[in-house]
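Peer 1: Let me give you the structure first, and then I'll get to my questions.
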Amino acid sequence: MLFQVKAVFCQSKPAPSFLPWVGFWQVPSNSSVIFEQWDLTSRNLLIGKGFEIRNADTVVLEKMRIFKKGKFFYYEARVINQNQGKPVLFKMTECDNRVYRFENPQHDFPQMIQYTFDSPETFEVLLSNNPSISERKEIKLVLQKR
């Protein structure tokens, strides 16, 4: 019930600004460098892709979209070699132009994707399962604008 109330509240506000997302972002790691690239194609459509550079090869990890359907915004993730190539949708449940949260309680992992913009040059991505599950699982990445 709380999920529905938060989602409706988020959607009743003015449309969120996706301008902070636009650009080329990276998180360095030991063996490779992970990137996200986002392009705003219209006020209600943001297209992204996640990829990494391995030994001078570009490897696409996932394709993403944020779009408005009806009254709601959704984050669509299409992870390469997962879910038989089908997209997974996450409904926007929080949007204050600093924190953007998307949830899908029926998905195995993640059930929540949250982007937090700490500055115009940095954001954090948090992927997590349902907090009521006893074995909490989460992945955090900090990306910097290039």
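Since every read-out is calculated from the coordinates, none of them should be taken as a lab result. It should be emphasised that the depicted structure is a prediction, and the values quoted were computed from it without experimental measurement. Heads up, the Cβs are rebuilt from the backbone with ideal geometry, glycines too, and the neighbour counts pull from every protein chain shown.
Peer 1: Scan the stretch 44-146 for GluC sites (Glu not before Pro) in coil per DSSP, keeping those whose Cβ has at most 16 other Cβ atoms within 10 Å, and list them by number.
Peer 2: Working: sites: Glu52, Glu62, Glu76, Glu94, Glu103, Glu121, Glu124, Glu135, Glu138; in loops: Glu121, Glu135.
Passing both the DSSP loop test and the Cβ count: Glu121, Glu135.
Peer 1: Within the chain, how many Lys pairs that are eight or more residues apart, or on different chains, come under 12 Å at the alpha-carbon?
Peer 2: Numbers: Lys6/Lys91; Lys13/Lys71; Lys49/Lys63; Lys63/Lys86; Lys68/Lys91; Lys69/Lys91; Lys71/Lys91.
Here the count comes out as 7.
Peer 1: Another one. Can you give me the relative contact order of the chain as a percent, contacts being Cα pairs under 8 Å and 6 or more apart? Write down the numbers at each step before the final one.
Peer 2: On the way: 308 pairs, mean separation 24.9, N = 146.
Rounded, it is 17 percent for the chain.
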